[in-house]
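*Asks:* Got a structure here, written out as structure tokens. Questions coming.
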Amino acid sequence: MLSLEAALEKILGGVQPLPDEIIPLGEAFGRFAAKSLNSAIDLPPADNSAMDGYAVQSADLVSASAETPVALSLSGSSPAGTSHDHIVRGGHCIRIFTGALLPRGADAVIMQEDTKPNPDRSDQVLFLDKVCPWENIRLRGEDLKQGADLIHTGEKFTAPRLNLLAATGMHRVRVFRQPVIGLLATGDELRKPGNPLDPGTIYESNQVSLSAFLRQIGAVPKIYSLVPDSLEPTCAALQTALNECDAIITTGGVSVGELDWVKMAFEKIGGRLDFWKVEMRPGKPFVFGRWKEKFLFGLPGNPVSAMVTFFLLARPALLKMQGAKDTSPMTHPAILAEPLANNGDRRHFMRVSVDAKGQAKSSGVQAAHILSAMSQANGLVDVPPQTTLPTGATVQVMRWD
Ligand code: AMP
Ligand code: MG
């Protein structure tokens, strides 16, 4: 049986980023850059004001205070979005607004709150404070210079990065294609929610959660009809989905039972199984295989096991297919608010809930069929076999929320 690390290495070794495509910047949220990008302009593109106030020569105001105001002549206005050829000369000021071009000759902007109109002279403004040279001025290129790095290949287009790219005038970007992932649930006992439950049947619940996990990382789920527990329909369902998708995820039918057809069907249609079974709990029956340049992730049917094996084994691969540089889950330390015990002889990825203060506790009963506990969890802690981690211990939590 493979260790989780060895299984992941095999999977990541087999998977390559999909071809790239160019899309509008507005559609790039959550996608991964297929090309490093550099700024075409300085940011800001020109010296401008950080305040509503007056552009001045700071030397004119060295003696200004509330008690000894200094009067300057008002010789124009610079609103945002206009270009002008005003010049600030000694003894003069120009009304200026946030984001407006700094007039030539000015070396500072003094904020409006430190001024008042001259009651005797409407062509003058009184200044109640001094200002340092270059105060309240945003200098051209101070944020970034033309040619500076904006995003590197493999980095994600986050909301702030989209803002940066738009600010430098980008409107189309090159990204890796999103994988279309076929979701197939196997099992004669399954019924889709919305239908009545006959005796012996249960509701199918893996497709909706795996779809959500897929969408969360930018993959595109494609949901197929339920697959019965027999060989021919399983072959047909796998074949159709492999033809239509970049990879398929099956749930159920990969254990040791004589009705577990996924592995046999996959080989029958020409797929090659890479490995089966991973040393972990929940999980263990997990199969990875290839069919031409496409992939099978065969997850256990148990919903908790399906989600955990998806998270630890399939998710990194699907991120790699999208060109992500970093495929590991967000992991951070947390403090245990109560002991976390793994009495079993396999490494257990225990479901925990972590609060905003970083306190973690078991989210409930840690059995692979206890969905209610899983639904309260927002991450996993890797607990070695026969180990109790005490209250107060620092653990690393892998987060999916
Ligand atoms: P299997 O891996 O097919 O042996 O299934 C293991 C357990 O998970 C069984 O109790 C199944 O009834 C259950 N199960 C399998 N697939 C699903 C599914 N898609 N939704 C809910 N439960 C499932
Ligand atoms: Mg089954």
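*Asks:* With just the Cα atoms defining each centre, how far is segment 313-369 from segment 95-147? Give it in Å.
*Replies:* Each part's Cα centre sits 53 Å from the other's.
*Asks:* Another question about this same structure. How many percent of DSSP beta bridges within segment 331-399 run antiparallel, rounded to 5?
*Replies:* Antiparallel bridges make up about 90 percent of those DSSP assigns within segment 331-399.
*Asks:* Amide H to amide H under 5 Å from Ala71: which residues, 5+ apart in sequence or cross-chain, H placed 1.01 Å off N in plane?
*Replies:* Phe127
*Asks:* Would you calculate a helix-derived [θ] at 222 nm for the chain, using -39,500 (n - 2.57) for each DSSP H run of n ≥ 4 and dividing by the full residue count, to the nearest 500? Before the final figure, lay out each step's value.
*Replies:* Details: 8 runs with 72 residues, N = 401.
Dividing the helical sum by the residues of the chain leaves -5000 deg cm²/dmol.
*Asks:* I would also like to ask the following. Report Rg (one decimal) and Dmax (nearest whole number) for segment 331-399, counting Cα atoms only, units Å.
*Replies:* Expressed in Å, the Cα Rg and Dmax of segment 331-399 come to 10.9, 32.
*Asks:* Still on this structure: Which one, Ala33, Ala100, Ala212, has the greatest fluctuation when you compute a Gaussian network model over the chain with C-alpha springs under 10 angstrom?
*Replies:* Ala100
*Asks:* Okay, moving on. Using amide H atoms built 1.01 Å from N in the peptide plane, name the residues 5+ places from Gly323, or on other chains, whose amide H lies under 5 Å from its own.
*Replies:* Leu18
*Asks:* Dimensions of segment 159-250 along principal axes (Cα, Å, largest first)?
*Replies:* For segment 159-250, the Cα spread along each principal axis is 61, 27, 14 Å.
*Asks:* Any idea which of Asn118, Leu165, Leu139 is furthest toward the positive side of the dipole for segment 118-173, if Lys and Arg beta-carbons carry +1 and Asp and Glu beta-carbons -1?
*Replies:* So the residue furthest toward the plus end is Leu165.
*Asks:* Can you tell which of Ala212, Pro233, Pro69 lies farthest toward the positive end of the dipole of the chain, using +1 and -1 charges on the Cβ of basic and acidic side chains (Lys, Arg; Asp, Glu)?
*Replies:* Most positive-ward Cα: Pro233.
*Asks:* Could you tell me how many cubic angstrom of Cα convex hull volume the chain has per residue?
*Replies:* Roughly 200 Å³ of hull volume per residue.
*Asks:* Determine Rg/Rh for segment 245-401; Rg is computed over alpha-carbon atoms and Rh is the Kirkwood hydrodynamic estimate from the same atoms. Before the final figure, lay out the partial values.
*Replies:* Numbers: Rg = 16.7 Å, Rh = 16.5 Å.
For segment 245-401, the value is 1.01.
*Asks:* Here's a follow-up. May I ask what percent, to the nearest 5, of DSSP beta bridges between residues of segment 48-138 are antiparallel?
*Replies:* Around 75 percent of the beta bridges assigned by DSSP in segment 48-138 are antiparallel ones.
*Asks:* While we're on this one: Give me the mean projected area, in nm² to one decimal, of the convex hull enclosing the Cα positions of segment 30-88.
*Replies:* 7.9
*Asks:* Return the percentage of antiparallel bridges among DSSP beta bridges fully within the chain, rounded to the nearest 5 %.
*Replies:* About 70 percent, rounded to the nearest 5.
*Asks:* So what is the relative contact order of the chain, in percent, for Cα pairs below 8 Å that sit 6 or more residues apart?
*Replies:* 16
*Asks:* Hey, got the dipole for segment 48-138? About the Cα centre, +1 on K and R Cβ, -1 on D and E Cβ, debye to the nearest 20?
*Replies:* Its charge dipole is roughly 220 debye.
*Asks:* Show me, for segment 138-149, the HN-Hα J-couplings you get by feeding each phi into the Karplus relation (A = 6.51, B = -1.76, C = 1.60, θ = phi - 60°), rounded to Hz, glycine and proline as x.
*Replies:* Per residue, the Karplus-derived 3J(HN,Hα) values read 9, 7, 3, x, 6, 7, 8, 8, 3, x, 5, 5 Hz.
*Asks:* Round to a whole angstrom and tell me the spacing of the C-alpha centers of segment 211-278 and segment 1-59.
*Replies:* Each part reduced to its Cα centre gives a spacing of 34 Å.
*Asks:* While we're here: List every residue whose amide H lies under 5 Å from the amide H of Tyr203, counting only residues 5 or more places away in sequence or on a different chain, with H placed 1.01 Å from N in the peptide plane.
*Replies:* Arg191
*Asks:* Rounded to the nearest 20 Debye, what is the dipole magnitude of the chain about its Cα centre when Lys and Arg each give +1 and Asp and Glu each give -1 at the C-beta?
*Replies:* For this selection, approximately 880 debye.
*Asks:* So what is log10(I(q)/I(0)) for segment 1-103 at q = 0.11 1/Å, when the Debye sum runs over its Cα atoms only?
*Replies:* -0.60
A short reminder: the numbers here are calculations on the coordinates, not readings from a lab. Not measured: the values here are computed from a predicted model. When we count neighbours, we look across all protein chains shown, and the Cβ atoms used for this are built from the backbone with ideal geometry, even at glycine.
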